[in-house]
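Heads up: the structure comes next, in structure tokens.
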């Protein structure tokens with residue numbers, strides 16, 4: 001069974017005001033087949049964790065490690081991490097003018113698998129997944145994310161998740177900006193992917209809403225760059241009722257020395 | 001190290017440069033200052049003549065030469081050119097058209113334009129016979145002119161493309177192999193004609209090619225003009241379009257890819273000279289490698305006669321490596337207040353790292369991700385050609401540039 005392990009991870013970014021520490025020692029173990037929800041207030045470092053694991057060049061790892069089945073992910077290029085079985089569904093997917101969805105999907109699938117998918121089964125698979133996500137057939141001829149609505153972008157991310165079949169997927173605020181119908185469709189897609197491939201999930205969210213449709217095995221509350229509390233799904237219910245207030249230091253008291 | 005990116009935007013004032021009549025035949029080009037005149041600023045006042053002897057030697061300081069490496073094209077500027085190109089030109093037709101070689105004294109010559117610089121005039125003074133292509137058919141016809149064996153000899157060429165009233169056709173000028181060529185292409189569209197002219201430069205690495213295209217667009221006629229420059233050492237294609245009759249419409253597209261040491265240039269001129277004329281100019285280029293240099297100059301002139309003009313021009317450049325330089329210079333001269341619209345846009349920038357991250361996060365290797373993005377960026381123009389076979393061939397040619405280019409990038413970084 002595959003395991004994604006984050007150990008004592010410290011991460012900083014360069015800002016106009018200088019180097020800023022964002023992650024201050026994160027520990028996390030996600031096994032294949034598990035769903036972990038990472039929750040927390042804005043600015044707590046949730047997305048930083050996602051992008052650091054995926055390898056975005058903006059984030060500097062100061063110390064700590066991230067491994068996939070013992071392999072050092074931090075030593076790999078972004079594309080090598082994806083080929084090792086990692087997937088990041090982005091909050092703000094970028095437009096790529098002139099690159100059609102169909103071409104993009106085939107190129108990505110070929111890169112991940114190392115061989116071109118067989119045309120017949122691949123076309124069928126794409127058509128089926130698009131249908132499940134209620135995406136119009138014309139979608140595949142459009143350019144990647146160009147002119148997509150917020151909901152279309154998120155569905156396109158989940159389409160990739162279903163087709164590329166990673167071992168671990170990080171969903172970065174996939175629920176934000178979705179109406180309840182779109183949220184259900186996206187959640188169905190995630191559940192379907194898990195059912196089909198047994199992947200491990202890291203669900204990053206500000207709200208508990210998506211957890212009504214995707215049930216987490218573990219909930220981690222992120223505050224100021226570390227995990228402040230961990231628990232089962234009941235922790236999400238408590239957050240729903242109480243919010244994040246009890247984790248946030250009273251005004252005037254610095255939380256960090 | 002930051003790449004030098006030159007980005008100039010200027011809007012000339014509509015005043016005339018001076019009262020001297022520069023277009024008078026028989027007059028000679030003057031050196032600035034020699035006659036105590038102000039330098040010519042506006043495009044409409046540029047000197048023009050068919051005779052190379054009327055032009056001063058090129059110093060490289062002139063408005064039309066200042067971005068061009070003139071030292072690399074001396075044979076085309078100074079020496080007499082070999083004007084017999086007939087045996088080296090292969091014409092293939094995919095439909096009805098009248099194709100013949102005509103004498104330089106033929107009345108069909110000099111129907112669309114007059115050279116405005118020395119290399120163009122040198123070609124005009126040197127050519128012996130011109131290739132005449134006349135399209136009368138109302139069902140679409142496609143003609144391809146292949147030139148691939150021009151060699152190192154400095155040569156001149158002249159082509160006249162005439163689209164008769166309500167004809168529909170496409171003419172492709174397909175260039176490859178070695179060349180040291182200066183040429184003029186005259187394009188005449190009669191009433192209601194729909195003509196597409198595509199010039200493809202896939203020359204060898206050491207080729208030099210200067211081209212001036214002069215188009216005159218008749219009433220309600222539509223010209224689509226496409227410049228594709230991929231191969232060659234110095235390639236400069238300057239399309240100049242005169243919208244002389246009401247309802248004339250021109251779309252000028254260009255796509256170019258400059259590698260290490262390549263100079264690819266285009267000076268586009270649209271002259272709105274009749275009411276309710278429309279023009280669209282869109283050029284996109286990619287640059288990679290040390291000394292890759294591209295120049296786009298877009299001059300649009302809207303004369304007092306051109307009320308109701310609708311005009312827009314844009315240029316976009318993608319700088320893929322350090323050491324490349326893109327000059328992008330849009331100029332708009334508006335001499336009437338009664339227009340439907342006139343705008344310009346220019347943007348030259350580096351690769352978008354977020355696009356790269358997105359593609360790499362899907363397992364696509366960096367070099368392939370770059371190729372995907374660049375191909376996408378350039379294919380927007382290729383898709384406008386409207387000839388599926390040519391489009392797919394050009395997509396492959398761009399692909400080959402990208403693959404070849406990634407090797408030179410590695411060399412550059414080593």
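Only one of (1) crowded, with 18+ Cβ neighbours inside 10 Å; (2) under 21 Å from the mean Cα position of the chain (by Cα) fails for residue B:63. Which number is that?
With (1) crowded, with 18+ Cβ neighbours inside 10 Å; (2) under 21 Å from the mean Cα position of the chain (by Cα) applied to residue B:63, the lone miss is (1).
One line per residue, one yes/no per condition, for (1) at the interface with chain B (Cβ under 9 Å from one of its Cβ atoms); (2) surrounded by fewer than 16 Cβ atoms within 10 Å (Cβ to Cβ):
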{"residue": "A:68", "(1), (2)": "no, no"}
{"residue": "A:75", "(1), (2)": "no, yes"}
{"residue": "A:86", "(1), (2)": "yes, no"}
{"residue": "A:106", "(1), (2)": "no, no"}
{"residue": "A:114", "(1), (2)": "no, yes"}
{"residue": "A:127", "(1), (2)": "no, yes"}
{"residue": "A:140", "(1), (2)": "no, no"}
{"residue": "A:144", "(1), (2)": "yes, no"}
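Looking at the structure I just gave you, is residue B:306 over 14 Å from the mean Cα position of the chain (by Cα), buried (at least 18 other Cβ atoms within 10 Å of the Cβ) and farther than 23 Å from residue B:188 by Cβ? If you could, list the steps in order and put the result at the bottom.
Numbers: over 14 Å from the mean Cα position of the chain (by Cα): yes; buried (at least 18 other Cβ atoms within 10 Å of the Cβ): yes; farther than 23 Å from residue B:188 by Cβ: no.
For residue B:306, the condition - over 14 Å from the mean Cα position of the chain (by Cα), buried (at least 18 other Cβ atoms within 10 Å of the Cβ) and farther than 23 Å from residue B:188 by Cβ - is not met.
Please give the strands (runs of 3 or more DSSP E) falling wholly within segment B:114-164 in which 3 or more residues are surrounded by fewer than 22 Cβ atoms within 10 Å (Cβ to Cβ).
Here the list reads B:129-135, B:141-147.
Restrict the check to segment A:51-63 and report whether at least one residue is at pLDDT 95 or above and over 27 Å from residue A:19 (Cα atoms).
No, that holds for no residue.
Out of everything in segment B:371-384 that is surrounded by fewer than 22 Cβ atoms within 10 Å (Cβ to Cβ) and out of contact with any helix residue (DSSP H, G or I) (no Cβ under 7 Å at 6 or more places or on another chain), what residue ends up being nearest to the other protein chains (Cβ to nearest Cβ)?
Filtering first and then ranking leaves B:376.
Scan segment B:165-189 for residues that are in a loop (DSSP other than H, G, I, E, B) and surrounded by fewer than 20 Cβ atoms within 10 Å (Cβ to Cβ) and report the count. Outline the logic, then answer.
First, the residues of segment B:165-189 that are in a loop (DSSP other than H, G, I, E, B): B:165-167, B:178-179.
From the residues that got through so far, the ones that are surrounded by fewer than 20 Cβ atoms within 10 Å (Cβ to Cβ) too are B:165-166, B:178.
Within segment B:165-189, residues that are in a loop (DSSP other than H, G, I, E, B) and surrounded by fewer than 20 Cβ atoms within 10 Å (Cβ to Cβ) number 3.
For segment A:163-176, what are the residues that are away from every other protein chain (no Cβ under 13 Å) and either without any contact (Cβ under 8 Å) to a residue 60 or more places away in the chain or part of a helix (DSSP H, G or I) (or both)?
The one that is away from every other protein chain (no Cβ under 13 Å) and either without any contact (Cβ under 8 Å) to a residue 60 or more places away in the chain or part of a helix (DSSP H, G or I) (or both): A:175.
Surrounded by 22 or more Cβ atoms within 10 Å (Cβ to Cβ), within 14 Å of another protein chain (Cβ to nearest Cβ), under 15 Å from residue A:91 (Cα atoms) and touching a helix residue (DSSP H, G or I) at 6+ places or on another chain (Cβ under 9 Å) - does that describe any residue in segment A:180-196?
Checking segment A:180-196: not a single residue is surrounded by 22 or more Cβ atoms within 10 Å (Cβ to Cβ), within 14 Å of another protein chain (Cβ to nearest Cβ), under 15 Å from residue A:91 (Cα atoms) and touching a helix residue (DSSP H, G or I) at 6+ places or on another chain (Cβ under 9 Å).
Among the listed residues B:352, B:322, B:367, identify the single one that is away from chain A (no Cβ under 14 Å) and either out of contact with any strand residue (DSSP E or B) (no Cβ under 7 Å at 6 or more places or on another chain) or touching a residue at least 40 places away in the same chain (Cβ under 8 Å) (or both).
None of the other options fit; the residue is B:322.
Just one of (1) in a loop (DSSP other than H, G, I, E, B); (2) closer than 22 Å to residue A:192 by Cβ; (3) touching a helix residue (DSSP H, G or I) at 6+ places or on another chain (Cβ under 6 Å); (4) more than 9 Å from chain B (Cβ to nearest Cβ) trips up residue A:102, so point out which.
(1)
Which pairs do you get when a residue that is on the phi > 0 side of the Ramachandran plot, found in segment B:70-89, comes within reach of a residue that is surrounded by 12 or more Cβ atoms within 10 Å (Cβ to Cβ), reach meaning Cβ atoms under 8 angstrom, with the pair 6+ apart or on two chains?
Listed pairs, sorted by first residue: none to list.
Given the condition within 14 Å of chain B (Cβ to nearest Cβ), surrounded by fewer than 18 Cβ atoms within 10 Å (Cβ to Cβ) and either touching a strand residue (DSSP E or B) at 6+ places or on another chain (Cβ under 8 Å) or farther than 30 Å from residue A:139 by Cβ (or both), answer yes or no: does some residue in segment A:35-43 qualify?
no
Do you know which residues across segment A:116-125 are surrounded by 13 or more Cβ atoms within 10 Å (Cβ to Cβ) and under 25 Å from residue B:366 (Cα atoms)?
We begin by selecting, within segment A:116-125, every residue surrounded by 13 or more Cβ atoms within 10 Å (Cβ to Cβ); these are A:117, A:122-123, A:125.
If the condition is that a residue be surrounded by 13 or more Cβ atoms within 10 Å (Cβ to Cβ) and under 25 Å from residue B:366 (Cα atoms), then A:117, A:122 are the ones that fit.
Given (1) under 20 Å from the mean Cα position of the chain (by Cα); (2) at pLDDT 95 or above, where does residue B:359 come up short, assuming only one miss?
(1)
The values are calculated or read from the model by the stated rules, or taken from the named source; none is laboratory data. Predicted, not measured: the structure shown is a model, and the values here were computed from it. Every residue, glycine among them, receives a Cβ derived from its backbone with ideal geometry; neighbour counts consider all protein chains shown.
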